[in-house]
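The numbers here are math on the coordinates, done by the rules we state, and not lab data. Just so we're clear, the structure is a prediction, and the values are computed from it rather than from any experiment. Cβ atoms come from the backbone with ideal geometry, glycine included; neighbour counts cover every protein chain shown.
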Amino acid sequence: MTRSKIILCRSAALIAVLSSVAPAQTLRELAQKRGVLIGTAHSGRTSDTEYLDLMGREFNQVEAENATKFGPIHPAEDSYNFAPVDTMVEYAAAHKMRVRGHVFVWHNQNPKWITDGGLSPEQLAAALQKHIATVGGRYRGKIFAWDVVNEAFLDNGSLRDTVWLNKPGIGLNGTKYMEKSFRWAREADPDAKLFYNDYSAEGVNAKSDAIYEMAKDFKKRGVPIDGIGLQAHLRLSAAGNLASIEANIKRITELGLQVHITELDVRIPVDASGKASESDIEAQAKLYGAVASICLKYPLCTSIQTWGFTDKYSWIPRTYPGFGAALLLDRAFQPKPAYKALLDALAATK
Ligand code: XIL
């Protein structure tokens, strides 16, 4: 045996001994102990094996960042693009991860045949029902929770004007089109947990009030809704809103609904090379920890999911110029203080 091989063997043995004494704690190990899910959006970079390995090591839930949206998965009336989703579902099974589905009804990333196809309200309703039945049905038993509707309210609490509500809409007023969608989703997969998902609705405000009222009404009338997804695309200023975020999570769970934190990231200012200040990186870590700790206080807050896990593939820099560094690991996959803060929050005793 060469000297370098001996050293390699020795260090492998040492690692084995160390890990049997003090097993490495990953996010998913700690989350499992707490009985919560820790998830990430999957960017679809299936050729980056380091990325895939880390994702499987750290998370026990995954959600496609784009592949399950209407346009990507159903680009033409008679054509579906299931392959990327099938690949993700197989990856998740191999890594014992749950899969969240995102999303059936949204105003963005719809295909042209829906938005510009000249469909009548009746045709549009039939197309949506068929879409939900086909996609929901295909992944029945494989996708455990679906965002049925995404971002249907404006920040002032009124309903967003979308191709589903209007132009020409599926022919139902107010929140009725969402009610229908939830019923269709339940038919497609009776066991999937069904969520309404939105942004800027983490704290108590006009938008989250409107969502709360709809959810309460749905619960009262037996419309099949199981939870509210709080996206949580945050800025550091959210640190001043934590009491309000907690109050909102509390009131939702008091309705008997689950809360999933679905798209957590904390964007901070970066320079031209993508670098953020140390103090912002520390403040970001605190915010990640605080949001996770709030969720962990409520047994019905059952999932904490970040919108990606490495700054290498975050949507933030291309969406919010001047901002970045929003996730747990840096672009070289090195853990940032935010990663440690999330670990600590998960490890903390109740
Ligand atoms: C974003 C993706 O991250 C981007 O890759 C894509 O270009 C646009 O959509 N709220 C949502 C997500 O519900 O679907 C969005 O994802 C981010 C905001």
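Some notes on this structure:
- Virtual spin-label span in nm between Glu122 and His95, 7 Å along Cα→Cβ: 4.7 nm
- Charge-dipole axis of the chain as Lys and Arg at +1 and Asp and Glu at -1 on Cβ define it, positive-most pick from Leu159, Pro317, Leu52: Leu52
- Label-to-label distance, nm, for residues given as Ser79 and Tyr320 (7 Å Cα→Cβ offset): 3.6 nm
- Three-way shape label, the range 309-350, alpha-carbon gyration tensor, a/c 1.5: prolate
- Taking every alpha-carbon pair under 8 Å whose residues sit at least 6 apart, the range 94-234 reaches a relative contact order of 27 percent.
- Magnitude of the charge dipole, the range 101-246, Cβ model with Lys/Arg +1 and Asp/Glu -1, debye to 20: 420 debye
- Theoretical FRET efficiency, 1/(1+(r/R0)^6), r = Cβ-Cβ of Asn166 and Glu254, R0 41 Å, to 0.05: 0.80
- Charge dipole magnitude, Cβ of K and R +1, D and E -1 - the range 27-347, Cα centre, debye nearest 20: 600 debye
- Cα-based reach from Lys96 at 24 Å (exclusive), listing lysines while leaving out same-chain residues under 8 positions away: Lys33, Lys69, Lys142, Lys193, Lys340
- With semi-axes defined as the square roots of five times the eigenvalues of the C-alpha gyration tensor, the equivalent ellipsoid of the chain measures 36, 24, 20 Å, largest first.
- Note on His107 and Thr134: the extension gain reaches 7.8 nm, defined as 0.36 nm multiplied by sequence separation minus the Cα-Cα distance.
- Every Cα-Cα pair in the range 222-274 was counted, and those over 17 Å apart are 49% of them.
- The sum of -39500 (n - 2.57) across all DSSP H runs of n ≥ 4, divided by the residue count of the chain, sets its helix-only mean residue ellipticity at 222 nm to -13500 deg cm²/dmol.
- Distant-in-sequence amide H partners of Ser303 (H built 1.01 Å from N, under 5 Å): Leu37, Ile261
- The residue among Gln231, Leu342, Ala247 whose Cα reaches farthest toward the positive pole of the charge dipole of the chain, with charges on the beta-carbon of Lys, Arg, Asp and Glu, is Leu342.
- Sites listed here are trypsin sites (Lys or Arg not before Pro) in the range 89-118 whose DSSP assignment is loop and whose Cβ has at most 10 other Cβ atoms within 10 Å: Lys96.
- Cα pair distances exceeding 16 angstrom across the range 161-222, given as percent: 55 percent
- The simple spin-label model puts a point 7 Å past each Cα toward its Cβ; for Asn173 and Ser158 those points are separated by 1.6 nm.
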